Every structure is written in C-alpha cells, then in structure tokens.
Amino acid sequence: MSNRLHILITEPSIIIRSGLVSVFRRLSSLDLEIAESGDVMNIQEQVRRYNPDVLIVDPSYVGQLFMSKFRNEWRYSDVKVVALLNSLRDKNMLSDYDAVISLYDTPDTVKDALESLHIKKSGEECEKQELSPREKEIVVCVVKGMTNKQMADELCLSTHTIMTHRRNISSKLQIHSPAGLTIYAIVNKLVDINDVKNTILSDDL
C-alpha cells in the first residue's frame, strides 16, 4: 500500500491507546497517520473531525447495534471499522465489522489486518486483495487438513493468531470453505494438485 492510511483509535484507556499507537509505529512498511480519542460517547463527532480511513473501536463500549447505526443512520460507507477485542466476543456481534484485531495479536497479525483493508487515500478499494506470505502458509496448512492447533505448532504461533489469520483470509478472498481454498491454492500454485487430490476436506473456515 503506497497511500497514507488515516487511523482513528477511539478507546477510553490511555494505556491501550498508547500501546496500539506504539505497535502501529513499528509497522514501518505502512504509511500511517494516527489520531486517538478517549471519547467513545461522541464517535460521530470524532469521525467528522479526523475524517479517518479506518476507525478502531471496542465493541463492548459501542454496543451491538453500532455498525448498523454507523452505516445506515450516520451514512459512513467509506470508513472501515475495525473491532478491537480485549476479550472473547460472540462472532455474530462482529460480523458487520471490516476487520478484527485483539490485544493479544502480534504486530505481524495487526499489520496483516490493516493491509487486508487495502484502502487508498481516494477511498477506493483494490479489487483484488493479495495474501501475505504468512497467510499463504496458512492456506497450504488448511489444504493439508491441519487443525488450528496443528498449524499453531507448525508455524510457532498461538491458536488465536491462527484464527485471526483465517478470518482475514476469508475476508480477503471471500472464500469460506477448505474446498474453496484448495481450488484457490491450486490455481495460484501454492500447492500441486497431485499433493492434494487425496485430501479429505471437512469443516468450513
């Protein structure tokens, strides 16, 4: 991504905000401009003020209906909204968000989540979103029929990080099954068809 990404962090905890800013500033391959606010009660005003490309919020503070209000009532269609998790959340509560990051994610996982948004300064999205090298490794593991735990052991990552990568892969490719990923992997030469023809495909992503 060559264009600058404007990020607004809305989080009441200054410790968490400062931590996020510190992690973002370590992502030297991304051109980021970061604003932060502790006022989660006036997000609409903060978005108007900072005009971000990406808004980061904790779903536990803004409520389950926030995304519907943000898109439909406030009519912010160009701003991507990232859910910041500090604990486990119901997947249904997060389905409307553009991406998800956790306080326990590694800097590489956070970087992958930001890159998956593929936002340009003009607000246009790239039609095709490329997978990171790590995500390609995980696709190959999925095609091989490995569980999340096996992938975590193989790649020296946490199970939570594996799950985050898999969500990002699904979001980028709009592919939600091992069978679909197998076809993608073969077409993009990540695996050889002879290596996977006997693979048994089971659970969806």
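Below, the figures for the structure above:
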| quantity | calculated |
| --- | --- |
| Of the GluC sites (Glu not before Pro) in the range 1-87, those whose Cβ has at most 12 other Cβ within 10 Å and which sit in DSSP loop | none |
| Of every Cα-Cα pair in the range 133-196, the percent that sits beyond 20 Å | 19 percent |
| Scattering profile of the range 5-117 at q = 0.18 Å⁻¹ [log10 I(q)/I(0), Debye over alpha-carbon scatterers] | -0.88 |
| For the range 59-89 versus the range 155-170, the gap between their alpha-carbon centres in whole angstrom | 22 Å |
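No value in this document is a laboratory result; all are computed from the given coordinates. Given the structure is predicted, the values throughout are model-derived calculations rather than measurements. Note: ideal-geometry Cβ built from the backbone for every residue, glycine included; neighbour counts use all protein chains shown.
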